[in-house]
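Asker: Below you will find the structure I want to go over with you.
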Amino acid sequence: MDSGLKSRPGLAVQSGTVPLAVGVAREAERRGLPSFYSSEFYDRSAVVTLAAVAGATTRIRIGASIAWALGRTPVTTATEFRSLAEIAPGRVRLGLGTGNPQVIADWHGLDEARPAARLAELVALIRRIWEVGSTPVDHDGAFYRCHMPADPMLQPWPVPEDPASGESRPRILLAGGRPAMIRVAGTVADGLMGLPLCSPAFAEEVVRPTLADAAERAGRERPVPITGMTICAVAENSWQARALAATQVAVFAARASAAPLVAFHGFEAEVAGIREAFARRDMPAVAAAVSDRMLDELAVHGTPEEAWQRFSAKFDGVYDEPLLFTAGKGMPEGGFRESLMGVCEAFGA
């Protein structure tokens with residue numbers, strides 16, 4: 001079904017249980033999808049999920065989309081993902097993000113006025129900690145302090161499973177949708193982890209130029225790749241898939257972080273309706289407030305064949321590494337599993 005695609009998409013999963021994620025990752029690998037990413041929220045750890053997935057698969061690339069950057073110390077983050085790389089050599093991607101101001105302040109209990117600058121320092125420090133086998137870490141920065149002697153007894157990084165790639169250390173991807181975070185990714189990261197709510201036009205006209213400008217200012221010679229997520233819902237009935245996709249679009253569109261995208265496309269009226277419906281806790285009205293134009297710009301949905309056609313027509317080739325984002329919050333596990341398996345069916349070999 002996917003013979004005409006420029007790039008086969010992987011899968012990014014939010015919510016659901018760890019056993020569900022493992023089963024879906026196995027199916028994705030069986031059907032030839034290139035990657036499986038796990039989001040992190042207060043209901044499921046990305047690291048624990050990826051460890052389980054790594055042990056149950058052999059080929060598929062795995063990554064965090066995203067892991068909490070500010071909820072762990074640099075040593076903890078470096079250690080956790082080093083361990084994942086031992087289970088799945090050459091297959092691991094470390095996606096890091098700060099979350100919105102509410103997450104930083106109310107969930108993690110941090111008072112951080114400069115999250116972008118802190119993230120930039122964190123990336124550099126994680127890389128130094130990964131090299132502590134040969135080089136000591138002496139770091140006194142604006143946000144972190146870390147002093148570790150070199151450890152010549154430390155085991156070397158595992159040999160990459162794919163010798164052609166030469167990769168064993170995880171690539172570090174930074175999540176961002178606003179200019180400050182996109183610029184940090186362009187300056188210090190191995191790639192940008194795009195947010196689930198993004199259109200091809202916004203990616204091309206806003207995100208890529210911002211990323212490229214930051215990379216150029218940092219003296220980087222190669223373009224910084226984008227791992228981009230697109231909201232996706234697959235079901236046996238087109239109307240059911242539309243409702244699922246519209247609900248997810250509404251969840252992200254109502255957030256303050258979506259303001260640049262909303263203004264770019266002129267979706268202010270839809271967002272006002274979404275927020276009003278959310279205030280009434282009227283979920284059918286939330287989905288109904290998402291117009292067809294909004295959904296067509298921001299999501300892939302339908303039966304397996306319809307979803308493939310929508311992706312092929314509008315989203316294929318937009319990102320260097322495309323991911324189809326499917327969330328199950330508020331869905332029964334059986335329905336969530338059905339939607340995820342539908343994505344594997346639509347985009348698998």
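The values are calculated or read from the model by the stated rules, or taken from the named source; none is laboratory data. The shown structure was predicted, so the numbers you read here are calculated from the model rather than taken from an experiment. Reconstructed Cβ throughout: ideal geometry from the backbone, glycine too, with neighbour counts over all protein chains shown.
Asker: Find the residue count for the stretch 60-74, including only residues that are within 20 Å of ALA175 (Cα to Cα), of a type outside the set (D, E, K, R) and assigned to a loop (DSSP other than H, G, I, E, B).
Answerer: So the count comes out to 6.
Asker: Restricting to the stretch 117-133, give me the number of residues that are free of Cβ contacts under 8 Å to residues at least 24 places away in the same chain, part of a helix (DSSP H, G or I) and either of a type in the set (A, V, I, L, M, F, W, C) or more than 18 Å from ARG183 (Cα to Cα) (or both). Reasoning before the result, please.
Answerer: Residues of the stretch 117-133 free of Cβ contacts under 8 Å to residues at least 24 places away in the same chain: 121, 128, 131-133.
Among the residues that remain, those that are also part of a helix (DSSP H, G or I) are: 121, 128.
Imposing the further condition that a residue be either of a type in the set (A, V, I, L, M, F, W, C) or more than 18 Å from ARG183 (Cα to Cα) (or both) reduces the set to 128.
Adding up the residues that qualify gives 1.
Asker: I would also like to ask the following. Within the stretch 262-285, is there a residue that is in contact with a Leu (Cβ under 7 Å, 6 or more places away or on another chain) and modelled with pLDDT of 95 or more?
Answerer: So far as the stretch 262-285 goes, no, none of its residues is in contact with a Leu (Cβ under 7 Å, 6 or more places away or on another chain) and modelled with pLDDT of 95 or more.
Asker: Considering only the stretch 1-59, how many residues are part of a strand (DSSP E or B) and either without any contact (Cβ under 8 Å) to a residue 40 or more places away in the chain or aromatic (Phe, Trp, Tyr) (or both)?
Answerer: Step one: of the stretch 1-59, the residues part of a strand (DSSP E or B) are 10-14, 35-38, 41, 44.
If we keep only those that are either without any contact (Cβ under 8 Å) to a residue 40 or more places away in the chain or aromatic (Phe, Trp, Tyr) (or both) as well, we get 36-38, 41, 44.
Going through the stretch 1-59 one residue at a time, the tally reaches 5.
Asker: Filter the strands (runs of 3 or more DSSP E) completely within the stretch 153-260 down to those with at least 1 residues that are modelled with pLDDT under 95. Can you show your working first?
Answerer: Values: elements: 171-175, 191-193, 226-234.
Per the criteria, 171-175, 226-234.
Asker: Something else about it: Test ASP292 against the stated conditions and say whether it is of a type outside the set (Val, Ile, Thr), surrounded by fewer than 19 Cβ atoms within 10 Å (Cβ to Cβ), under 16 Å from GLY176 (Cα atoms) and free of Cβ contacts under 8 Å to residues at least 40 places away in the same chain. Steps first, answer last, please.
Answerer: Numbers: of a type outside the set (Val, Ile, Thr): yes; surrounded by fewer than 19 Cβ atoms within 10 Å (Cβ to Cβ): yes; under 16 Å from GLY176 (Cα atoms): no; free of Cβ contacts under 8 Å to residues at least 40 places away in the same chain: yes.
Judged against the criteria, ASP292 is not a match.
Asker: To continue, here is another question. Filter the stretch 288-304 down to the residues that are more than 10 Å from LYS314 (Cα to Cα) and part of a strand (DSSP E or B) and list them by number.
Answerer: HIS301, GLY302
Asker: Any idea which residue in the stretch 1-44 is surrounded by the fewest Cβ atoms within 10 Å (Cβ to Cβ), counting only those that are under 15 Å from the mean Cα position of the chain (by Cα) and at pLDDT below 95?
Answerer: Selected residue: PHE41.
Asker: Provide a single number: the residues in the stretch 75-116 that are touching a helix residue (DSSP H, G or I) at 6+ places or on another chain (Cβ under 9 Å), closer than 23 Å to VAL184 by Cα, outside any helix (DSSP H, G or I) and small (Gly, Ala, Ser).
Answerer: Total satisfying the criteria: 3.
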